[in-house]
Amino acid sequence: MLQICGAIACALSVLAFMPYIRDTLLGNTRPERASWLIWTVLSSISFFSQIYEGAGLSLWFAGAQVSVTAIIFLLSIRLGHGLYITEINKKLYAITFVGLLTSFIYDSAVYALAVSILISLAGGAKTVVKAFHHPATETISTWLMALLASVFGLISVGKPDPVLLAYPMYLIVIYGSVIIAILAGRRQQAHACSQPEQVQVKY
């Protein structure tokens, strides 16, 4: 059963982002540059932390996540949304650097994983905000499939190990937040369009 869940999670992780990559190439989807940069760096760290912790089948799920994240980051360099260098991003990068540096000093895979997840959530907040204000620039089917993949990835861990469970649980939170932001943004735009324009009458 765990093997099946691990295989499903891995397959869905790859398939989920195929529409996202396609839509990015077509210019319909515009990845948030800072988010995907941070996600690429930190998902790699999470991947190697799980190797250190002795992850089994769930490691394939994390590996698939790293691969597709790196591809989308590369596409975002030319086709993405937002700037790499802003005042907020500078602070976020600084926190990322300090957090990673201290994790290497303490040589703790658990600490490194915790730091990477917290910073990934902060970076992901930029995509959540963009998804709300510009829902048409995100591919919702990707986030729905990725959410489902994360659920199977969580099941594939197969034991109550907080370190191994943390990564798929984090993904469930961030993917779910993006989906909610897209739907809320669509609803707000639909509501705005349905409001009649006020015509000023001059006397």
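Going by Cα centres, the range 134-192 and the range 25-49 are how many Å apart?
Cα centroid to Cα centroid, the span is 14 Å.
Show me, for the range 148-165, the HN-Hα J-couplings you get by feeding each phi into the Karplus relation (A = 6.51, B = -1.76, C = 1.60, θ = phi - 60°), rounded to Hz, glycine and proline as x.
With coefficients 6.51, -1.76 and 1.60, one gets 5, 4, 5, 5, 5, x, 5, 5, 5, 4, x, 8, x, 9, x, 5, 6, 7 Hz.
Show the residues, 5+ positions off or on another chain, whose built amide H is closer than 5 Å to the amide H of H81.
Under 5 Å from the amide H of H81 lie the amide H atoms of E32, R33, each far enough along the sequence or on another chain.
May I ask you to evaluate 6.51 cos²θ - 1.76 cosθ + 1.60, the Karplus curve with θ = phi - 60°, for each residue of the range 127-134 and list the ³J(HN,Hα) values in order in whole Hz, giving x for glycine and proline?
Rounded to whole hertz, the list is 5, 4, 5, 5, 4, 6, 7, 9.
Taken together, the values in this text are just the output of simple stated rules run on the coordinates, not laboratory data. Note that the structure is a prediction, hence the values are computed from the model and not measured.
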